[in-house]
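Contents: one structure, followed by commentary.
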Amino acid sequence: MADPAGRLSAREAVALVTDDFSELPAPTRASAPDGPLAWPGYDAARARAAERTGEQESVICGDARVEGTRAVLIAFEFGFLGGSLGVRTGDRLEAAYTHAREHRLPVVPLIATGGSRMQEGMLALTQLQRVARASALLREAGLPQIAVVRDPTTGGGWATLGAGADVVLALPGAQVGFAGSRVRPADADPAAYTAEAQVAAGAADAVVRPGELRETLGRWLRLLTRPSAAPAPPPAALGAPDLPATGWDAVRRARAPRRPRATAYLDAYFAHRVAIGGDRCGGADPDGVLCGFGEREGRTVAYAAQTGAATRPAGYRTAARLVRLADRLGIPVLTLVDTPGAANDAEAERQGAGAAIADLFGAVAAARTPVTTLVVGEGGSGGALALAAPGNTWATPDSYFSVIAPELAAAILKRSPAEVEATADRLRIRPQDLVELGVVRGIVESGSEQGSTRSPEQVIVTREGGRDPRG
């Protein structure tokens, strides 16, 4: 049954995503009268909650199939003492995570909670440590956790099961935030504590309408539970097929407004894809970097694609988050390089540009899963190189990669603007130059039809195969 506020009950939330749910046995624990603190009236409150909701605790846990993928579901019942976490709630949660690890299953918390149960005091609050430990063990096992935040999701439940998940989906208009409505400052803007605000702040990935939740969750589960050891093949080139004659010609073509950008490459490469959004540190860069997971010829490939704009710190942190998640799940990564460089305004510095770029360099360098990179446009200095796979970077004919933009190089070297084009040549930034220098493995061809790809052997130029006459 729905609670008086009209929110989804736990079983309604389960029914929203699956018709196949088998509840796990609930752990048993002896309980003193009125709980561990002997809180007056606690037993009576629990009895009323059980009668009102039909549940014996604030969560139900079970084995389920979501659009064909088996998972462990954890559904909170807000009508049972506000979906609060007590010791017996912790027992159920820990048992559910243990079951998931033993059976190699992803976990999907369907959260609606006000936080820890005051009638159990600090014993209730320490259940968050149990939850965090269980979640950490699931991560160590290489299994994903996808949270669905319902109305409301506040307090420790948001700060562990919710915000700590690999992917966070939210129902529209849900109240989401660490501070619940009764403990916020009186002048706090209520709009900041919504699902939509959390997506904008990079703390959640997407708002999903209830009618679309089952399909969306099923797609996420399929994509995140298909590890693969094979590298992602580089995409086919979608732009000009011929190689540039000069360095400045390479720059001009890479900067052409109508050159294919990240979205065109992703659409051609994947049958379908889902996006992650945000760095989990209060920022998002949707105009600078696109990140997510997609299906490519029956297997999952993660992607981080620069869009041609200057990349902001949140974009680098989101890409690093993507690479680390893919690495933990054993999913190959494709990165697309296309940026004039890292954002260099004062706000970018205040947001930690250097640290964000360093973090992405580290994530790519440490990745055990294979990473493939294609330079599809501008490769602007370290802000582009951070996304490039050492030893497995490819280029399109209408791209360039440079230590610095030719105009800036000329300025630093105190050369006149008239010498910019000559400077571009001296920098050796054309795709064919990059092959000769050993910076990229090869230059990809245009596919015979849009969306096709060529293997690493089917390229215009490779280090091993010599130089194309057009170069």
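Nothing in this text is a laboratory measurement; each read-out follows from the coordinates by a stated rule. Predicted model only: the values in this text are computed from it and were never measured. Glycine gets a Cβ as well: all are built from the backbone with ideal geometry, and neighbour counts include every protein chain shown.
THR160: net charge of surrounding residues, Cβ under 15 Å, Lys/Arg +1, Asp/Glu -1, itself excluded? Could you put the intermediate results ahead of the total?
Working: positive: ARG92, ARG117, ARG130, ARG133, ARG139, ARG280; negative: GLU94, ASP166.
Net of charged neighbours comes to +4.
Beta carbons within 10 angstrom, averaged per residue: use that to sort the peptides 198-210, 84-96, highest first.
Details: 198-210: 20.0, 84-96: 22.2.
The densest-packed peptide leads the list: 84-96, 198-210.
How large is the charge dipole for the chain, taken about the Cα centre, if only the Cβ atoms of Lys, Arg (+1) and Asp, Glu (-1) carry charge, to the nearest 20 debye? Each step should come with its number before you reach the end.
On the way: 51 positive and 53 negative charges, 113 e Å.
Around 540 debye, computed over the chain.
With n ≥ 4 as the cut-off for DSSP H runs, can you work out [θ] at 222 nm for the chain, using -39500 (n - 2.57) per run divided by the number of residues, rounded to the nearest 500?
-9500 deg cm²/dmol
For a Förster distance of 22 Å, can you work out the FRET efficiency between the beta-carbons of LEU437 and ALA411, rounded to the nearest 0.05?
According to the calculation, E is roughly 0.40.
Rounded to the nearest whole Å³, what is the per residue volume of the convex hull around the Cα atoms of segment 10-224?
It is 116 Å³ per residue.
Starting from the coordinates of the alpha-carbon atoms of segment 81-144, obtain the Kirkwood hydrodynamic radius over all distinct pairs and give the value in Å to one decimal.
12.1
I want the local charge near THR225. Using Cβ-Cβ distances under 10 Å, sum +1 for each Lys or Arg and -1 for each Asp or Glu among the other residues.
Net of charged neighbours comes to +4.
Mind checking the full-extension length gain between GLU347 and ARG368? Use 0.36 nm per residue of separation minus the Cα-Cα distance, one decimal, nm.
4.2 nm
Highest mean first, how do 343-352, 103-112, 227-236, 254-263 rank when packing is the count of other Cβ atoms within 10 Å averaged over residues? Before the final figure, lay out the partial values.
Working: 343-352: 13.7, 103-112: 24.3, 227-236: 19.2, 254-263: 16.1.
For the peptides 343-352, 103-112, 227-236, 254-263, the packing ranking is 103-112, 227-236, 254-263, 343-352.
Just checking my list (i) 23.7, 75; (ii) 24.7, 79; (iii) 25.6, 87 against Rg and Dmax of the Cα atoms in Å computed from this structure; which label fits?
Step by step, Rg and Dmax of the Cα atoms in Å for this structure corresponds to label (iii).
Dividing the convex hull volume of the Cα atoms of segment 247-462 by its residue count, what figure in Å³ per residue is obtained?
Expressed per residue, the convex hull around the Cα atoms of segment 247-462 is 120 Å³.
From the backbone phi of segment 291-299, what are the Karplus-calculated ³J(HN,Hα) couplings (6.51 cos²θ - 1.76 cosθ + 1.60, θ = phi - 60°) in whole Hz, Gly and Pro given as x?
Calculated HN-Hα couplings, in order: 10, x, 10, x, 9, 10, 6, x, 10 Hz.
For a quick check: with amide H placed at 1.01 Å from N, whose amide H comes under 5 Å from GLU445's, ignoring anything fewer than 5 positions away on the same chain?
ALA237, ILE460
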